[in-house]
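Trainee: Input: one structure, supplied below.
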Amino acid sequence: MKNFFTLFLALLLTIADTPFCRAEEPPPGQIGVAPSMFEIPIGQKPVNESVRIFNLKKTPTTVKVEVYNWTLDEKEEVKLLPPDKQSLDRWILINPLSFTVEPGKSQVVRFSIRPTVKPEPGEHRAMIYFIEQPSAAIADSAKALEILFKLGVGVYGQADPVKRAGSLNQFSFDKTTSSLTADISNAGNVHTRMKGNYSVWKKDAFPGLSAAGKLTDQLKPENNPKGLVLSGQINQSPVLPGSRRIIRTQLLLPKGPGSYIIAVNADMDGKSVERSFAVTQ
């Protein structure tokens with residue numbers, strides 16, 4: 001359950017026609033989706049997958065489904081693109097396209113990838129958006145205000161031959177912004193991303209880089225290792241083919257004086273990324 005809520009918070013994108021919310025309405029952030037994204041080998045044969053939508057509200061939620069071609073713009077934000085002959089959005093069939101989820105229930109949405117032409121080598125992307133629709137009570141009231149939500153699930157279709165060529169140009173800890181900063185280039189034909197964990201330890205209790213990775217992989221709240229101050233997941237934002245990005249992972253270090261070791265245990269395109277940084281507050 002903890003992993004689901006972490007996933008949900010990471011995925012939720014807010015689209016509001018108004019910045020206000022009625023006091024009697026359920027608070028925002030009560031719609032979830034899993035899984036968060038797909039990396040799917042594609043060819044000329046159909047591929048079938050499914051997504052589950054969760055309604056954690058106390059009222060029914062109606063959802064509409066839309067799919068788009070996309071890239072990242074210069075601000076590293078999702079930019080929708082028109083479809084073309086090789087865009088994945090043209091090859092995706094979705095069922096259902098509209099549905100209502102009762103409180104505390106979930107809905108499975110199935111989709112099938114059926115290329116109409118032979119996919120060119122490399123990556124073909126689509127974004128499946130689950131868009132909450134205004135409730136009937138809100139729609140009937142001209143004075144009512146409501147915040148709606150839009151959840152995006154990225155679909156990465158990858159056609160052979162796939163070339164993975166991500167490279168880590170620089171990796172550091174920026175004390176000014178309290179963030180791990182990874183400078184990543186991608187010369188491949190599919191996206192790359194860094195996957196793994198970070199952990200922050202009191203300097204005199206640091207178990208070593210390898211041991212830190214093993215401990216945080218098996219971490220449970222009830223048995224935190226001695227000296228562990230903080231741990232979490234590295235920012236897994238994608239670096240698209242032919243691009244270079246700065247990926248930052250924000251850390252909330254303890255306030256006040258102290259000496260710490262930040263350990264990073266991750267990998268990128270099958271290559272291990274292990275780093276440690278000494279920090280004195």
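Trainee: Would you mind checking Lys118/Lys163; Lys75/Lys271; Lys118/Lys195; Lys57/Lys195 for any pair whose Cα atoms are more than 20 angstrom apart?
Mentor: Beyond 20 Å: Lys75/Lys271; Lys118/Lys195; Lys57/Lys195.
Trainee: Show which aspartates and glutamates lie in cross-link reach of Lys226 when reach means a straight Cα distance below 18 angstrom and same-chain residues fewer than eight apart are skipped.
Mentor: Filter leaves Asp204, Asp217.
Trainee: If you don't mind, another one. Among Leu253, Leu81, which comes first, second and so on when ranked by fewest other beta-carbon atoms within 10 Å?
Mentor: Lowest to highest Cβ neighbour count: Leu81, Leu253.
Trainee: What ranking, highest mean first, results for peptides 172-179, 190-197 when packing means the other Cβ atoms within 10 Å averaged over each residue?
Mentor: 190-197, 172-179
Trainee: Rounded to two decimals, what is the ratio between the C-alpha radius of gyration of region 77-186 and 2.2 N^0.38 Å?
Mentor: Ratio of Cα Rg to 2.2 N^0.38 Å: 1.54.
Trainee: OK, next. Using the Karplus equation 6.51 cos²θ - 1.76 cosθ + 1.60 (θ = phi - 60°), what ³J(HN,Hα) coupling, rounded to whole Hz, does each residue of region 185-202 give in order, writing x for Gly and Pro?
Mentor: 10, 9, 9, x, 10, 9, 5, 10, 7, 8, 10, x, 10, 10, 8, 10, 10, 5
Trainee: May I pose another question? Can you give the Rg to Rh ratio of region 30-87, both from alpha-carbon atoms, with Rh computed by the Kirkwood formula?
Mentor: Answer for region 30-87: 1.03.
Trainee: Sort out for me the Cα centre separation of region 93-129 from region 221-281, rounded to whole Å.
Mentor: 33
Trainee: Which order results if Arg164, Arg244 are arranged by neighbouring Cβ count within 10 Å, fewest first?
Mentor: Fewest-to-most Cβ neighbours within 10 Å comes out as Arg244, Arg164.
Trainee: With all distinct Cα pairs included, what does the Kirkwood hydrodynamic radius of region 166-280 come out to in Å, to one decimal, could you say?
Mentor: It is 14.6 Å.
Trainee: What does the charge dipole of region 38-141 about its Cα centre add up to, to the nearest 20 debye, if the Cβ of each Lys and Arg holds +1 and the Cβ of each Asp and Glu holds -1?
Mentor: Using Cβ point charges on Lys, Arg, Asp and Glu, region 38-141 gives about 460 debye.
Read the figures in this text as sums done on the coordinates, not as results from a lab. Being a predicted model, the structure only gives us computed values, none of them experimental. Note that each Cβ is placed from the backbone with ideal geometry, even for glycine, and that neighbours are counted across all protein chains shown.
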